[in-house]
1. List E32, E160, E212, E48 from most exposed to least, where exposure is judged by having the fewest other Cβ atoms within 10 Å.
2. Using alpha carbons only, how many angstrom separate the centre of the range 36-60 from the centre of the range 76-100?
3. Compute the FRET efficiency between D70 and E30 as 1/(1 + (r/R0)^6), taking r as their Cβ-Cβ distance and R0 = 25 Å, and round to the nearest 0.05.
4. Counting only residues 5 or more places away or on other chains, whose amide H sits under 5 Å from the amide H of A37 once H atoms are built in the peptide plane?
5. Provide V318, V136 in ascending order of the number of other Cβ atoms located within 10 Å of each residue's Cβ, fewest first.
6. Would you kindly state how much longer the chain becomes between R43 and A294 on full extension, computed as 0.36 nm times their sequence separation minus their alpha carbon distance, in nm to one decimal?
7. Can you tell me the Rg and Dmax of the range 178-252, counting just the alpha carbons, in angstroms?
8. Please give the length that would be gained between A236 and E81 if that part of the chain were fully extended, namely 0.36 nm times their separation in residues minus their C-alpha to C-alpha distance (nm, one decimal).
Amino acid sequence: MTNFLFGPILAVALLMTPTVAHAQAVTAIETEGAVTAIVQTPRGSYAETERGTLRIEPGDCNAGICLVPDVIRGLPQRAPEGALPDGFVATAAAGEIRRAWYGRPTDRYAHGVLGDAIEGGSVVAQTSNGTIVEFVLPDTQVFEDITPRIRDLDGNGANEVITIRASQSGGAAIAIYGLRGGELVEIASSRENGRPNRWLNIAAIVPAGSGEGGSTIIGVRTPHIGGRLFTVTMAANGTITERNDIARNLSNHLIGSRELGLSAVLGGDAFIPSQDRRSLRAPLSGATDIALPAPIDKAIIATGNRLVTATEDGVLLVIEP
């Protein structure tokens, strides 16, 4: 990861493609060096390029964003020694569960969708008083994921840990864990994909739309094979509702990549690439698809009222949905 500073960045609009139905626009920004990653942390949004790192800020610059030479600040901590080798620690500022990561690395699930065949055999959580608790999977399952997610899904003040779990019989599912009597236990899960080596990727976690509290997890089943949108909602009373096959032709991951962030939420809408990653879709709202100049393979982030990502060949894109 390059973090050195460099001279002023060229910011030249290369493409502007408004649609008829909305004031949608896609603007390509030229940078000194191809974009290699888009990164969002609690301390800022960044474009990492072959020539250095740029902080992305909303402003009165080209396409409504300004690019400022900087270093990436606020990156997550790597998982502890002995945990998943490429894993990171999820954190929360409040709630009983404050940190979570994947432990007990194993090669018992020979899939390698995230670039290697090493997956987590357990999920570990640390509470607000420093207590470490762990949920260990049976030998028939793994966590086919990199970093867990910590959210208070039902709004009761107690955090849950959201994971991607895969089984040797049914493939991937969303599995949710929480504290019960001081122990970390599974409290809910989605249905599995139906066969082994069929993965899913979580796209977003948003407030449930019922007006009754709770949260909805938005995911894409088999993002490399047809890409089927589904949701898992935990209501304020803790009940779980699952909706499947809401939309198709979506992909928020490239097979073998460790980048899981090819989706973003802006204005209450979830934006996810099409299967060929040449357009950006909002399937839950039915908004008009946004055509892109080339396939994207970098994370999509929201900054101000715009989305930012980059193409496979490293061109920075600013998108006004």
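1. Details: E32 15, E160 26, E212 10, E48 20.
Starting with the residue having the fewest Cβ neighbours, the order is E212, E32, E48, E160.
2. 23 Å
3. According to the calculation, E is roughly 0.85.
4. E48
5. Values: V318 23, V136 12.
In order of increasing Cβ crowding within 10 Å: V136, V318.
6. Values: separation 251, 0.36 × 251 = 90.36 nm, distance 2.93 nm.
87.4 nm is the gain from fully extending R43 to A294.
7. Cα radius of gyration and Dmax of the range 178-252 are 13.7, 42 Å respectively.
8. Stretched fully, the A236-E81 segment lengthens by 52.1 nm.
Every read-out reported here was derived from the displayed coordinates using simple, explicitly stated rules and does not represent laboratory data. Small disclaimer: the values here were computed from a predicted structure and weren't measured. Note: ideal-geometry Cβ built from the backbone for every residue, glycine included; neighbour counts use all protein chains shown.
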